[in-house]
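Okay, so here's the structure we're looking at.
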Amino acid sequence: MLDRLSASTEIGEVVVVTGAYDVDTDAQVVACPDWERGPGASLRCGLAALLPEAAAVAVILADGPDLSAAAVDRVVAAWRAGAGDVVAASYGGSRGHPVVLGRSVWGSVPDEGARALQPELVPCDDLGPPGDVDRPEDLPSRLR
């Protein structure tokens, strides 16, 4: 996922939040001791680690191996253009990732995560969905 993200022209600082498992990466890693409370707890740990001048964050899940860097750039560009404080990619009309959160909503992230926040949707159908790997057998064969 981090290799794909490196192709984005809109992403600056990268923070990886860990919980149940550690990762080996050159990116800044933040261990979240409260990860079991839900994705919102992990997100809040990551938000707390960002630089004070960060105006927004692009939330990118590690379990979407086919996420296009162009989708990240498109959603971030929509946020920069004033689409709203919560902006998400959509695929086939359904909300997906990435999601951009403006700083004004950071304090309202509940334990269930950003999914509880109503986004403005940015169609990314032409880029293909990011996928969703919950179990080892869900991983595309090219990545096994």
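The values are calculated or read from the model by the stated rules, or taken from the named source; none is laboratory data. These figures come from a predicted structure and were not determined experimentally. In this analysis, Cβ positions are derived from the backbone assuming ideal geometry, glycine residues included, and neighbour counts consider all displayed protein chains. Ligands, DNA and RNA are stripped out before the accessible areas are found, and what is left, the full protein with its side chains, is counted by its heavy atoms. Shrake-Rupley method; radii C 1.70, N 1.55, O 1.52, S 1.80 Å.
Residue by residue through segment 101-144, note down the ones that are assigned to a loop (DSSP other than H, G, I, E, B), acidic (Asp, Glu) and open to solvent by 80 Å² or more (accessible area, probe 1.4 Å).
Step one: of segment 101-144, the residues assigned to a loop (DSSP other than H, G, I, E, B) are 109-113, 117-119, 124, 128-135, 139-140, 144.
Those left that are additionally acidic (Asp, Glu): 111-112, 132, 134.
Within segment 101-144, 112, 132, 134 meet the criteria.
For segment 1-42, how many residues meet the condition of being part of a helix (DSSP H, G or I), touching an Asp or Glu at 6+ places or on another chain (Cβ under 9 Å), open to solvent by 60 Å² or more (accessible area, probe 1.4 Å) and closer than 24 Å to residue 75 by Cβ?
So the count comes out to 3.
Of (1) more than 22 Å from residue 117 (Cα to Cα); (2) surrounded by 18 or more Cβ atoms within 10 Å (Cβ to Cβ), residue 64 satisfies all except one. Which?
Result: residue 64 passes all but (1).
Looking at 56, 71, can you tell me which residue is at pLDDT 95 or above, closer than 21 Å to residue 143 by Cβ and either out of contact with any helix residue (DSSP H, G or I) (no Cβ under 6 Å at 6 or more places or on another chain) or open to solvent by less than 50 Å² (accessible area, probe 1.4 Å) (or both)? Please lay out each step first, then the result.
Details: 56 fails: closer than 21 Å to residue 143 by Cβ.
The conditions single out 71.
State the number of residues belonging to segment 43-53 that are buried (at least 16 other Cβ atoms within 10 Å of the Cβ) and either part of a loop (DSSP other than H, G, I, E, B) or in contact (Cβ under 8 Å) with a residue 40 or more places away in the chain (or both).
4
With (1) within 20 Å of residue 10 (Cβ to Cβ); (2) small (Gly, Ala, Ser); (3) at pLDDT 95 or above as the list, and residue 128 as the residue in question, which single condition is left unmet?
Checking residue 128 against (1) within 20 Å of residue 10 (Cβ to Cβ); (2) small (Gly, Ala, Ser); (3) at pLDDT 95 or above, the one that fails is (3).
Got a sec? Which of 105, 99, 76 is within 12 Å of the chain's Cα centre (by Cα), more than 25 Å from residue 21 (Cβ to Cβ) and of a type outside the set (Lys, Arg)?
Result of the check over 105, 99, 76: 76.
Scan 57, 72, 105, 76 and give me the residue that is of a type in the set (Val, Ile, Thr) and without any contact (Cβ under 8 Å) to a residue 40 or more places away in the chain.
Of the residues listed, the single one that is of a type in the set (Val, Ile, Thr) and without any contact (Cβ under 8 Å) to a residue 40 or more places away in the chain is 105.
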